[in-house]
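Notes to accompany the following structure.
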Amino acid sequence: MGIVDLDEALAKAAEEGLDLVEVAPQGEPPVCRVMDYGRYKFEARKQSQKQRAGKVVRAGQVKEVKFRPRTDDHDIAYKIKNVLKFLANGQKVKVSLFFRGRERSRIERYTAEFMPKVIALIGDAGVIEQTPRQEGNAVSMMVAPKSHK
């Protein structure tokens, strides 16, 4: 449209049922556009949601599965099923064994019993990337998926 007076631009926008949006206020003269601003915001939000949707599941994402020392065998098997599912999706898994209260006085004993059992249940589905090590009130290890070469 070229350089137009502000009143004339507002009248033109109102005539078309649209909004007059200032695009570049630092320009001389300022640059404006006649557009449906509500529709523009809707499209922009939709576009950003579309971009974020692809980032939900990433192969490099680390999942964590938490256990307690006296977790029953059935519950361990159920959580290991989730570990195997994560590994199949190409995700790393942090397996953590948390201790509370008097359990902390026997960390070595519980770890020696529990972690080999978990490693055996994971089997060939994953590779132990980081051996079990104590981090405060927990003992954790990292399991990476086996490469499919």
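Do you know which residues across the stretch 49-94 are modelled with pLDDT under 90 and of a type in the set (Ser, Thr, Tyr)? Within the stretch 49-94, just Thr71 meets the criteria.
Take the conditions assigned to a helix (DSSP H, G or I), within 23 Å of the chain's Cα centre (by Cα) and at pLDDT 90 or above and apply them to Leu121. Does it pass?
No: the conditions fail for Leu121.
Would you check if Leu10 is more than 30 Å from Pro145 (Cβ to Cβ) and in contact with a Leu (Cβ under 7 Å, 6 or more places away or on another chain)? Yes, satisfied. Take Glu16 and decide whether it is open to solvent by less than 80 Å² (accessible area, probe 1.4 Å), at pLDDT 85 or above, of a type in the set (Asp, Glu) and over 30 Å from Glu103 (Cα atoms). Against the criterion (open to solvent by less than 80 Å² (accessible area, probe 1.4 Å), at pLDDT 85 or above, of a type in the set (Asp, Glu) and over 30 Å from Glu103 (Cα atoms)), Glu16 does not qualify.
Table: residues versus (1) buried (at least 16 other Cβ atoms within 10 Å of the Cβ); (2) more than 18 Å from Val62 (Cα to Cα).
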residue: Arg109; (1), (2): no, yes
residue: Ile119; (1), (2): yes, no
residue: Ile122; (1), (2): yes, no
residue: Val127; (1), (2): no, no
residue: Gln130; (1), (2): no, no
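The set of residues from the stretch 93-107 being open to solvent by less than 70 Å² (accessible area, probe 1.4 Å) and not aromatic (Phe, Trp, Tyr) comprises Val93, Lys94, Val95, Ser96, Leu97, Gly101, Glu103, Ile107.
The values are calculated or read from the model by the stated rules, or taken from the named source; none is laboratory data. Treat the numbers as computed from the prediction; the structure is a model and nothing was measured. Positions of Cβ are backbone-derived with ideal geometry, glycine not excepted, and every protein chain shown enters the neighbour counts. For the accessible areas, the whole protein counts, side chains as well, though only heavy atoms, and no ligand, DNA or RNA atoms are used. Shrake-Rupley method; radii C 1.70, N 1.55, O 1.52, S 1.80 Å.
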